[in-house]
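To keep things clear, I will list the structure first and then write my remarks on it.
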Amino acid sequence: MTDVKAEWPGVVSEIKVSVGDSVSQDDELVILESMKMLTPILSPASGTVSELPIEQGQYVDEGAVLVRLDS
């Protein structure tokens, strides 16, 4: 299992995947807004989305789990 974490605090602007989706390395998973900048959070590896412990519009702290992947 791979946890994709926020590298900085921000607001979840958009969630690009759903639980059960297959993703490849470098696919966009989430768009995070921080200091008025939108930054895509990319998949570090191929796998299947097993959990999305976030909601659109939610504020997340640095290190918060955004997506869990099963490989």
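Bear in mind these aren't lab numbers, they're just calculated from the coordinates by the rules spelled out. The model shown is predicted, which means the values in this text are computed figures rather than measured ones.
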**Asked** Which far-off residues, 5 or more places away or on another chain, put their amide H under 5 Å from the one on Leu32, with H placed in the peptide plane?
**Response** Ser13, Thr39, Ile41
**Asked** Asp21's amide H: which non-local residues (gap 5+, or another chain) put their own amide H closer than 5 Å, with H modeled 1.01 Å from N in plane and none for Pro or chain starts?
**Response** Val49
**Request:** Determine the gain in length on full extension of the stretch Lys36-Gln58; use 0.36 nm per residue of separation and subtract their C-alpha separation, reporting nm with one decimal.
**Result:** 6.4 nm
**Complete:** Computed over all unlike Cα pairs, the Kirkwood hydrodynamic radius of the range 2-70 in Å stands at 11.6 Å
**Asked** So what J values fall out for the range 12-21 if you push phi through Karplus, 6.51 cos²θ - 1.76 cosθ + 1.60 with θ = phi - 60°, rounded to Hz, Gly and Pro as x?
**Response** 6, 7, 7, 10, 8, 10, 10, 4, x, 5
